[in-house]
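Here the structure is laid out as structure tokens; the discussion comes afterwards.
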Amino acid sequence: LAKTTQPISMDSYEGQEVNITCSHNNIATNDYITWYQQFPSQGPRFIIQGYKTKVTNEVASLFIPADRKSSTLSLPRVSLSDTAVYYCLVGGLNTGFQKLVFGTGTRLLVSP
Amino acid sequence: NAGVTQTPKFRVLKTGQSMTLLCAQDMNHEYMYWYRQDPGMGLRLIHYSVGEGTTAKGEVPDGYNVSRLKKQNFLLGLESAAPSQTSVYFCASSYTGQGLDGSYNEQFFGPGTRLTVL
């Protein structure tokens, strides 16, 4: 079971880059790393997923070192609307979806 | 496409009553999931399904039953509701692709059902 550890909360200001790191020391060979965003009273929304090195899409980047024991979600130039809870998940088909654990996530607060 | 829809949005039950939550998806996804989220907590997986006619237990299955008679629908039942089941329930669905180094999975979530058991 790949447990993840991430900071409980983070504060930032508009226009800054935010990096949220997730630790997953016992990640399995076939596990992927996935990040979700959740706004109050809404279901989580997929942000980005990766296996190794770096993945970038229109909203975020995901950095994964060679040992894959941690990962960093990078949000460029955050705005007030990025205030949300961010979850890091590790797992996949081979390790069983029943083992995907959302945890308590990281509560990001973006201020003006 | 409507994506993932959940019915009802809100419900209040008395202890011992039963109810069924309906989840529907129009993305032809094979996988579907039911989660619960308690205040200030992350999501916990109740049951999931990897295809029509198949279901399996997740992290917190006790007190719940599920059925997947049609690919697009996933039902969550509470036979005898208890106050401890007061929560927000989220349904999700996903495809699963095969990547070069394993598998990947993106879950699409519904808007949630807020259930209160008195």
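We did not get these values from a lab; they are worked out from the coordinates using the rules stated. As the structure is a computational prediction, the values presented were derived from the model and not from experiment. Note: ideal-geometry Cβ built from the backbone for every residue, glycine included; neighbour counts use all protein chains shown.
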Candidate aspartates and glutamates for bridging to B:LYS14, where Cα separation is under 19 Å - those fewer than 8 sequence places away on the same chain excluded: B:ASP38, B:ASP62, B:GLU79
Nonlocal amide H pairs with A:TYR32, under 5 Å, H built at 1.01 Å: A:GLY91, A:GLY92
Over chain B: Rg over Rh, Cα atoms, Kirkwood Rh: 0.98
The protein assembly as shown: Rg to Rh, with Rh as the Kirkwood radius over Cα pairs: 0.97
Selected from B:THR15, B:GLY40, B:MET27, residue furthest toward positive end of dipole (chain B; charges at beta carbon): B:THR15
Reduced Cα scattering model of chain A, Debye log10 I(q)/I(0), q = 0.10, 0.13, 0.15 Å⁻¹: -0.26, -0.44, -0.59
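Could you tell me what fraction of 2.2 N^0.38 Å the Cα radius of gyration of the range A:26-85 comes to, as a two-decimal ratio? It would help to have the intermediate numbers written out before the result.
Details: Rg = 12.5 Å, N = 60, 2.2 N^0.38 = 10.4 Å.
The reported ratio for this selection is 1.20.
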Prolate/oblate/rounded call for the range B:17-61, Cα gyration tensor, a/c under 1.5 rounded: prolate
Amide H contacts under 5 Å for A:THR83, placed H, 5+ residues apart: A:VAL110
Positive dipole terminus of the protein assembly as shown, leading residue within A:PHE63, A:SER9, B:CYS91 (C-beta point charges): B:CYS91
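Greater than 32 Å separation of Cα atoms is the criterion. Which listed pairs, A:LYS54/B:LYS70; A:LYS69/B:LYS57; A:LYS52/B:LYS70, meet it? All intermediate terms of the calculation are to be shown ahead of the outcome.
Values: A:LYS54/B:LYS70 38 Å; A:LYS69/B:LYS57 28 Å; A:LYS52/B:LYS70 36 Å.
Those over the limit are A:LYS54/B:LYS70; A:LYS52/B:LYS70.
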